[in-house]
Every structure is written in structure tokens, then in C-alpha cells.
1. Would it be correct to say that residue 215 is more than 25 Å from residue 116 (Cβ to Cβ), out of contact with any strand residue (DSSP E or B) (no Cβ under 9 Å at 6 or more places or on another chain) and of a type in the set (Ser, Thr, Tyr)?
2. State all residues of region 122-162 that are of a type in the set (Ser, Thr, Tyr), over 19 Å from residue 239 (Cα atoms) and open to solvent by less than 50 Å² (accessible area, probe 1.4 Å); if no residue qualifies, say none.
3. Consider region 59-75. How many of its residues are open to solvent by less than 30 Å² (accessible area, probe 1.4 Å), aliphatic (A, V, I, L, M) and at pLDDT 90 or above?
4. What single numbered condition from (1) closer than 30 Å to residue 163 by Cα; (2) at pLDDT below 90; (3) not aliphatic (A, V, I, L, M) fails to hold for residue 152?
5. Examine region 19-28 for a residue that is open to solvent by less than 70 Å² (accessible area, probe 1.4 Å), at pLDDT 80 or above and among the small types (Gly, Ala, Ser), and state whether such a residue exists.
6. Hand me the list of helices (runs of 4 or more DSSP H) wholly inside region 168-273 holding 2 or more residues that are at pLDDT below 85 and at negative phi.
7. Out of the residues in region 204-238 meeting the condition of being within 19 Å of residue 190 (Cβ to Cβ) and touching a residue at least 24 places away in the same chain (Cβ under 8 Å), tell me which one is most open to solvent (accessible area, probe 1.4 Å).
8. Could you grab me the full set of residues in region 181-203 that are crowded, with 16+ Cβ neighbours inside 10 Å and out of contact with any Ser or Thr (no Cβ under 8 Å at 6 or more places or on another chain)?
Amino acid sequence: MNAATIRLFHAGVYGWLALYMLAVVLLGDAAWVSAPVPLLASASGLFAFLQDGVSGLVPWSLFVISVLLLVLSVAMIQRHRWWLGLLVWFLFSMVTHRMWLASNGGIELMENMLLWSDLMSGGTSTKRISYFAFWAARLQLLLVYAAAAAHKFTGTTWLDGSAMLLVANDPAFHLQFLAGSPLVCKLITWSTLAFMTLFPLAVWWRPSRRFFLITGALFHLCTAIFMDIPQMGLAFIACYAIWLQEEEVQVIERRVRSLFAFTWNTASRPSQDPSR
């Protein structure tokens, strides 16, 4: 547990939230009106409170909350405040429970990670709470992969290698170019299954952790682009920061600063007249 890792994790989580809420605001009615929430009779506790609280919300108030979350997430990237983080987590929970039909694993993952991220704030939490939240976030990511892999082993399409071929033949996705290559689809299917199965073990050792984090980032980036689930793919990539070491975070931060400095210098450099 170190400050650099927590700082990058905060930036990743709230950066994802800013992008997601921007998309929700731009989508408007397509985001919330088309995803009604039926009240669940069996709901109890906090979930029932959230359900009752959001069931009467009209689209315009959801729009206001979404804009507020967008502004707050940008503010949290600049400066983390624990009480503001709790407010962001609560409002985001309200929105996601209202739009649960449009939800996915990445959004649900981030609902938990927002809470863990806030409790890690060393300036407001005790060391024990910060330590607990840090490891809760780490283990949360591993649990998601372990559960996903276990679920796939209960079926047949992942085991016989046909899962990717089924996806490639589905017009809802953008992978039709793989439909004519069943062998490639089998290799992708089994590789994905192996990745999800081994990820919870591989991250405990530095060489395998780096390989699996890089492989996972490429995998989730592909799912974001080709399977039209950017919110899920980017959520997992953002959460990878919690498993980085301090020196790895420093390397990433230096490269990002160098990239922005190069971009700024290139953009601000006056163009020269070729006739001179």
C-alpha cells in the first residue's frame, strides 16, 4: 500500500466516472427512460431505500444528478475529499439502480470501487480502514475474474471453444470478420478462459503480474471497441491501477507527463513559412 498507487487508482476511478456520466448526459432519454426499474417486493435495507428513492425520479432530475456527478468526478480528480467521495458513491448508486437494465459488470464493479477508493483516503480514514479498503479493492478485482471464470466452466460453449464463434456471428457485435475463422475463434475463446482463470493467481508475482495486466488491458480495450461495451472495458483497465507497484506508477506518470509536454510543445510551436 503506497500513496502513488492510491493516487493513480483515484484518478482512474473518477476519470472513468467522468467519461461515463458524460456519455449518460449526452445519451439523454436513451440512457434512463428506456431502462425503467420495477419495484422489487423482496427488497430490504439500503437497497429498498435506494429503490424507493429513485422510483419517483423523473428524467429531468436524473439528468441533473448525472450532470452533478460529472462535475464532482472532475473535482475529485483534482482534489480528493472523503465526504464528497461518499456523496458521489451514493448518487452513483441511485443512478445505477434506476438504470439497472442498462448496467453491466463494469458499472457494478465501479459502484464498489468508488466506495473503496474513498475509504482509502489517508487524510480522513484511520490506517486500519485505509488498509482494509486498499485490500478490499484488490480482492474485489480478483473476485470478479474468479466468478466470471467459474461461471464459464459451468457451461459448454467456453469449454468446447465455440463461445467466440457465437459472438462473431451475432450482428449486435462488430466481429463478423472472425466468423469465417473457427480455429481463431477457438484460440481466442480458450485464451480468454485461461486469462480469467489464471489472473487471480498471476498478479501476486511481479513478472506474471505485468504480463497479465498488459494482456488484460489489451483484451478489455478490444472488448470496448469491437463489442461496444466501452464502459465495461475501461472500468477494468482503470481498476488495474490498484495492483501496480509504486515504481510502476512513477514510470506511468513520467510517460504521461512527457506525452502531454510533447503534445503541448508541438501545438504551441509556431509554424514556419516554407518559402523562407
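The values are calculated or read from the model by the stated rules, or taken from the named source; none is laboratory data. The model shown is predicted, which means the values in this text are computed figures rather than measured ones. Reconstructed Cβ throughout: ideal geometry from the backbone, glycine too, with neighbour counts over all protein chains shown. Each accessible area value is taken on the protein alone, full model and side chains, heavy atoms only, with ligands, DNA and RNA left out. Shrake-Rupley method; radii C 1.70, N 1.55, O 1.52, S 1.80 Å.
1. No.
2. Taking region 122-162 as the starting set, the residues that turn out to be of a type in the set (Ser, Thr, Tyr) are 124-126, 130-131, 145, 154, 156-157, 162.
Next, from what is left, pick out any that are over 19 Å from residue 239 (Cα atoms): 124-126, 154, 156-157, 162.
125, 157, 162 - these are the residues of region 122-162 that are of a type in the set (Ser, Thr, Tyr), over 19 Å from residue 239 (Cα atoms) and open to solvent by less than 50 Å² (accessible area, probe 1.4 Å).
3. Quick first cut of region 59-75, residues open to solvent by less than 30 Å² (accessible area, probe 1.4 Å) only: 61-62, 65-66, 69, 72-73.
Next, from what is left, pick out any that are aliphatic (A, V, I, L, M): 62, 65, 69, 72.
Those left that are additionally at pLDDT 90 or above: 69, 72.
Qualifying residue count for the region: 2.
4. (2)
5. Keep residues of region 19-28 that are open to solvent by less than 70 Å² (accessible area, probe 1.4 Å), which gives 20-21, 23-25, 28.
Checking the rest, the ones that are also at pLDDT 80 or above come to 20-21, 23-25.
In the following step, the residues that additionally are among the small types (Gly, Ala, Ser) were identified as 23.
Taking every residue of region 19-28 in turn, at least one turns out to be open to solvent by less than 70 Å² (accessible area, probe 1.4 Å), at pLDDT 80 or above and among the small types (Gly, Ala, Ser).
6. Working: elements: 182-202, 206-226, 230-239, 246-268.
Once the helices (runs of 4 or more DSSP H) in region 168-273 are filtered for at least 2 residues that are at pLDDT below 85 and at negative phi, what remains is 246-268.
7. Within region 204-238, the match that is most open to solvent (accessible area, probe 1.4 Å) is 226.
8. To start, the set of residues in region 181-203 that are crowded, with 16+ Cβ neighbours inside 10 Å comprises 185-186, 188-190, 192-193, 195-197, 199-200, 202-203.
Of everything in region 181-203, those that are crowded, with 16+ Cβ neighbours inside 10 Å and out of contact with any Ser or Thr (no Cβ under 8 Å at 6 or more places or on another chain) turn out to be 188, 190, 192, 193, 196, 197, 199, 200, 203.
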